[in-house]
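Some notes on the structure that comes next.
Just so it is clear, none of the values below were taken in a lab; they were calculated from the coordinates. Small disclaimer: the values here were computed from a predicted structure and weren't measured. We place every Cβ from the backbone using ideal geometry, glycine too, and count neighbours over all the protein chains shown.
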Amino acid sequence: MVSASEQMGDAVGPVLRSGDIASVVAEAVEIDNPDKEINIEDNGGYIRIEIQRECWIQRATVEDLIGRPFSMQELGVVLTSFAGRVETTPEYFRFYLSEDVSAKMHREHGDSNPTPTKQS
């Protein structure tokens with residue numbers, strides 16, 4: 001049986017301790033990453049969120065959903081692990097696959113022309 005992670009290939013994203021914040025963040029991920037395939041696994045004690053290559057979580061989106069001011073430090077408290085690299089600011093968390101790792105993975109799988117990720 002192939003796991004959801006293996007199906008996603010270049011998956012990145014957070015693993016969050018279950019609770020109110022994690023549930024809201026999972027919903028925010030769906031809003032902040034439109035038109036992307038998102039895998040959300042609720043494993044009881046934690047929630048794993050996976051998206052191919054890049055995952056954004058915007059503070060403003062979480063605030064809109066939670067109905068109060070939200071500090072990205074609150075996300076850091078429930079963030080138990082993550083896949084990929086992470087960029088953090090007071091306004092967003094961005095999980096992404098580095099260009100070097102992505103190119104290596106594509107070469108290993110016989111793809112000589114990997115598609116670059118958009119980096120901002």
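Taking Cβ atoms as reference points and 11 Å as the exclusive limit, the residues near VAL15 contribute a net charge of 0, counting Lys and Arg as +1 and Asp and Glu as -1. Judged by the ratio a/c of the largest to the smallest principal axis of the C-alpha gyration tensor, segment 4-108 counts as prolate, that ratio being 1.5 or greater while a/b is larger than b/c. Peptide packing: for 70-78, 44-52, the average count of neighbouring Cβ atoms within 10 Å per residue gives the ranking 44-52, 70-78, highest mean first. Express as a percent, rounded to the nearest 5, the fraction of DSSP beta bridges in segment 4-108 (both residues included) that run antiparallel. Percentage antiparallel, nearest 5: 100.
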